[in-house]
Amino acid sequence: MNDTWDEFAANWDANRDVIEYSEKAFHSLTEVANIEGWEVFDFGCGTGLLTEKISPLVKTVVSLDTSQKMIEVLAEKNLPNVNPICGTLSELLNLDIALYQSRFNLVVACSVCAFVPDYEDVLLQLISLLKRDGMFVQWDWFSSGESSGPGFTEKHIFDAIEKTGFRSVAVSIKFSMSAPDGDATVLMAVAQK
């Protein structure tokens, strides 16, 4: 599979901003849920920086990314309860819907949904992976709606998640990251099936 993210894989885990983002995301996750013993799906996992933090606490993590090189970096970490998979969400569900449907207690999507071509379609697929009362947590860049870069307004995330059947939807500004042209804000969405 050809993926533009492949070129970043070799140095991804050394990028201080990426490390800080995953640390802040993990910390915010632990503030909203006790994930001990859960089965987790990490959508758009990259090299697995968030997966690494989650895996010691949970039963299993299935980590999916479209970048073969990113998945190779994650696989080399040999995390015992992590199953790294290269492919798209649609491919995974078309091949193994019976294996993954209604399996997970938690689906996380860390800085990935702003890069997918059809956000609402992805949400519909992700909700199918969750057990009843399962939790969905998303982190993505805040956008005022005036810029062309990747990101969401709070309203866009809230409306899309609610429209696709999730309940108890909450979207908030969770943390910020330093950037050369000013701080960049990260939104966190939490919802239940």
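Quick check for me: using +1 on Lys/Arg Cβ and -1 on Asp/Glu Cβ, what's the dipole size of the chain about its Cα centre, in debye to the nearest 20?
For the chain, the charge dipole is close to 720 debye.
If you place +1 on the Cβ of every Lys and Arg, -1 on the Cβ of every Asp and Glu, and leave all else neutral, what size is the dipole of the stretch 101-193 about its Cα centre, to the nearest 20 Debye?
580
If I take all pairs of Cα atoms in the chain, what percentage of them are more than 24 Å from each other?
34
Give me the percent of DSSP beta bridges within the chain that run antiparallel, rounded to the nearest 5.
The answer is about 40 percent antiparallel.
Using 0.36 nm per residue, how much length does the chain from Glu120 to Thr4 gain when fully extended, once their Cα-Cα distance is taken away?
Stretched fully, the Glu120-Thr4 segment lengthens by 39.5 nm.
Please count, across the stretch 33-185, the pairs of lysine residues with Cα atoms under 25 Å apart that sit 8 or more places apart or on different chains.
For the stretch 33-185, qualifying lysine pairs total 11.
If you project the alpha carbons of the stretch 85-158 onto their three principal axes, what span does each projection cover, largest first, in Å?
41, 26, 17
Using just the Cα positions, wrap the stretch 64-114 in a convex hull and report its mean projected area in square nanometres, one decimal place.
Mean projected area for the stretch 64-114: 4.2 nm², to one decimal.
Need one number for the stretch 1-113: average projected area of the convex hull over its C-alpha atoms, nm².
With every direction weighted equally, the projected area is 6.9 nm².
Determine which residues of the stretch 1-43 fall in the zone a paramagnetic label at Arg103 would reach in this model, i.e. backbone nitrogen under 15 Å from the point 7 Å along Cα→Cβ.
Residues passing the 15 Å test: 38-43.
Lys/Arg Cβ at +1, Asp/Glu Cβ at -1, dipole of the chain taken about the Cα centre: which of Ser143, Leu124, Leu49 is farthest positive-ward?
Of Ser143, Leu124, Leu49, it is Leu124.
Taking the solvent-accessible surface of protein heavy atoms with a 1.4 Å probe, what is the per residue accessible area of the chain in Å²?
Per residue, the chain has 49 Å² of solvent-accessible surface.
About the Cα centre of the stretch 12-114, what is the dipole size in debye to 20, counting +1 per Lys and Arg Cβ and -1 per Asp and Glu Cβ, all else neutral?
100
The values are calculated or read from the model by the stated rules, or taken from the named source; none is laboratory data. The model shown is predicted, which means the values in this text are computed figures rather than measured ones. Backbone-built Cβ (ideal geometry, glycine too); neighbour counts: all protein chains shown. Surface areas here come from the heavy atoms of the whole protein model, side chains and all, with no ligands, DNA or RNA. Shrake-Rupley method; radii C 1.70, N 1.55, O 1.52, S 1.80 Å.
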